Amino acid sequence: MEQAPSNDLNKLCRLVRYWILESTTEAGSGHPSSSLSAVELMVALFFGGILHADLNDPKNPANDRIIFSKGHASPLLYALYAAAGFIDAYALKTLRQFSSPLEGHPTSRFSQIEAATGSLGQGLSIGLGMALNAKYLEKLNYRTYVLMGDGELAEGSVWEAVGLASHYKLGNLTAVVDVNRMGQSGETMLGNNIEAYERRFSAFGWKTAVVNGHDLSEIIEAYKFARDQSLPTAIIAKTVKGKGVPIMEDQYGWHGKVLSKQQFREISTEFKDLNLSLRGKMLMPEMKKESNVQKSTGEKASTFSYKKGNQVSTREAFGSALVRLADEHPNLIVLDADVKNSTFTEDFAKRFPERFFEMYIAEQNMVSAAVGLSLREKIVFVSTFAAFLTRAFDQIRMAQYSQVNLTFVGSHTGVSIGADGPSQMGLEDIAMFRTIHGSVVLYPSDAVSCEKLVEEAVKTKGIVYLRTTRSATPVIYQNQESFPVEGSKTLIAGNSDQLTIISAGITLHEALKAHELLKAQDISTRIIDLYSIKPLDTQTLVKASQETKALLVVEDHHPEGGIAEAVRSALHAKAVPVYSLSVRRKEMSGKKEELLDYEDISAEDIVRKVKLILQP
């Protein structure tokens, strides 16, 4: 067995405390008191013979993973890497500066950071995803440690993660809970009642170890205990906020507040015998350079065959595409939230059970766990009803800062789902995903386009959203048709087109019906399938604006942030009227046809709107 490095942990703790104070004072902002309470917990982990990591190879699959869910304790995190010799201590003085990777809360700009954190309650779920990868996918021995604050345990997403980690028996996952009893504005819900925290974790099936969070020997023994468990472990540590600085210790008013320079000079006298050149040593991991999972087999995915006119829902085509692409992409992983028989991920789960994770009705945890899996170089599809993804918008928002590649698939979109009613109708999803920096938003209208857009999603970097439809729709494309991102399909066009109708998904088929009705009245319309909502095919839109009198966008989505707003934004410099039909009335249960009529987005409504726009 590898021997633990010989470190003077007490001296390292003092050094780390000094750097926390120095860096936050220099920055003029930060969270020193929250960092100081967890110093012993993290020094013991990093330098007490527990953590295995090659700092010169942070992507090494064998490295233990460390997540600071308590992201506001970033001054502690950076000081630890200085104590390890990875960064120069002088660099700590750039904390929170515009040009510095040492941001106020951790992001991947700092090379040792995998997951961006700071929006509390998400780190344990990200760690869960990494632990799932180690145990079930790559069969690696790395462990995942998540530092948490007691305040964030009020978040429901934490307990979603606690429950699922127990279900999957993730003995390679350790939560380190810093119970310093003080939140931002007052005492936390349970204060320093560590016994209550222990009962809660134990009730979910976790192993627990209660420690004095400033006793290094107790902490190290707790880490060793966790290492030997077959179930996840919570190390519940009673700590003092602001530990080591008398004017801060267990005092309100210091959260997010730093010492003045005068106060720092006065306190520095207590660190006068500090060894500034002291550095800690860490254990190296097993030298495994390559992942156990192939990124691609090099084989082409099988083809598909749909017959024009056949009725197939895009959600069904999505399920088919996953199965079809799985052999070519052995690192393709699917997560679902107990709706797999409706989203059609059930087909993938039956064929590839080892690559499918049932996440149950806990969408926030599902999204952050997907982040953890993606950070371990998996192609992850996250699937549920579009309406339920709104619960996890903060997790989706934070995912962009971790530089992950994730595809979200929202089914049961719009009023066209019918009698299930408004609670199940995804009507905000396009707007939500359009706001994510660099995101791609795709909306197939038939089985062929859905199959091809799933292929595009697999190879697209960043965050992708694919919107699928509950109802079966007719196949309108040939099987060999291509659907590149930032593309569109002009389905009908002529030299005498008077108006362009732009749509996607369910309402595209209403637009095609409307075209035939208008044609019988000698009104010529151009029909565009705007399947790529972000980025848009601006060139085609500009051409249509130049060649027809007006544009009419029809969508089964709320007007705010939807397709029409995307089109208007793209054509803001063009003097062309853009009209919109969208879901504007309060939704209710009913038949699909009734609801499309009620919301004025049916074929007949399109006909009336076109005639109104074109009237002299």
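Figures for the structure shown
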| read-out | value |
| --- | --- |
| Among the candidates VAL211, VAL258, residue that is surrounded by 14 or more Cβ atoms within 10 Å (Cβ to Cβ) and either touching a strand residue (DSSP E or B) at 6+ places or on another chain (Cβ under 7 Å) or under 26 Å from ARG199 (Cα atoms) (or both) | VAL211 |
| Condition met for GLY85 (closer than 26 Å to LEU120 by Cβ and in a loop (DSSP other than H, G, I, E, B)) | no |
| Matching residues, the range 359-386, being over 26 Å from ALA62 (Cβ atoms), surrounded by 24 or more Cβ atoms within 10 Å (Cβ to Cβ) and β-branched (Val, Ile, Thr) | VAL367, VAL382, THR384 |
| In the range 451-484, residue surrounded by the fewest Cβ atoms within 10 Å (Cβ to Cβ) [restricted to those that are within 25 Å of GLY414 (Cα to Cα) and of a type in the set (S, T, N, Q)] | SER471 |
| Test result for GLY171, at positive phi, assigned by TED's automatic domain parsing to the domain that holds GLU40 and outside any helix (DSSP H, G or I) | no |
| Helices (runs of 4 or more DSSP H) wholly inside the range 404-522 containing at least 2 residues that are under 30 Å from LEU612 (Cβ atoms) | 429-434, 506-519 |
| Residue among ASP497, ASP529, ASP600, ASP556 that is touching a strand residue (DSSP E or B) at 6+ places or on another chain (Cβ under 6 Å) and closer than 24 Å to GLY309 by Cβ | ASP529 |
| Selection count where residues are closer than 14 Å to VAL485 by Cβ and small (Gly, Ala, Ser), scope the range 416-470 | 5 |
| Residue within the range 236-243 that is assigned to a loop (DSSP other than H, G, I, E, B), without any contact (Cβ under 8 Å) to a residue 24 or more places away in the chain and over 33 Å from the mean Cα position of the chain (by Cα) present | no |
| Residue list for the range 569-586, restricted to those being under 18 Å from THR469 (Cβ atoms) and either more than 31 Å from the chain's Cα centre (by Cα) or modelled with pLDDT under 95 (or both) | LEU581 |
| Checklist (1) under 19 Å from LYS11 (Cα atoms); (2) surrounded by 16 or more Cβ atoms within 10 Å (Cβ to Cβ); (3) hydrophobic (A, V, I, L, M, F, W, C) applied to LEU276, failing item | (2) |
| Flag if PRO32 is modelled with pLDDT of 95 or more and either buried (at least 19 other Cβ atoms within 10 Å of the Cβ) or over 25 Å from LEU132 (Cα atoms) (or both) | yes |
| Options ALA79, ALA73, ALA115, ALA44: the member that is buried (at least 24 other Cβ atoms within 10 Å of the Cβ) and in a loop (DSSP other than H, G, I, E, B) | ALA115 |
| The listed residue being among the hydrophobic types (A, V, I, L, M, F, W, C), under 25 Å from ASP429 (Cα atoms) and surrounded by fewer than 22 Cβ atoms within 10 Å (Cβ to Cβ), out of ILE527, ILE523, ILE502, ILE506 | ILE527 |
| Unmet requirement for ALA73, which otherwise passes all of (1) over 22 Å from the mean Cα position of the chain (by Cα); (2) under 18 Å from LEU21 (Cβ atoms) | (1) |
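The values are calculated or read from the model by the stated rules, or taken from the named source; none is laboratory data. These numbers come from a predicted model, not from an experiment. Here Cβ is always computed from backbone atoms with ideal geometry, including for glycine, and neighbour counts include all displayed protein chains.
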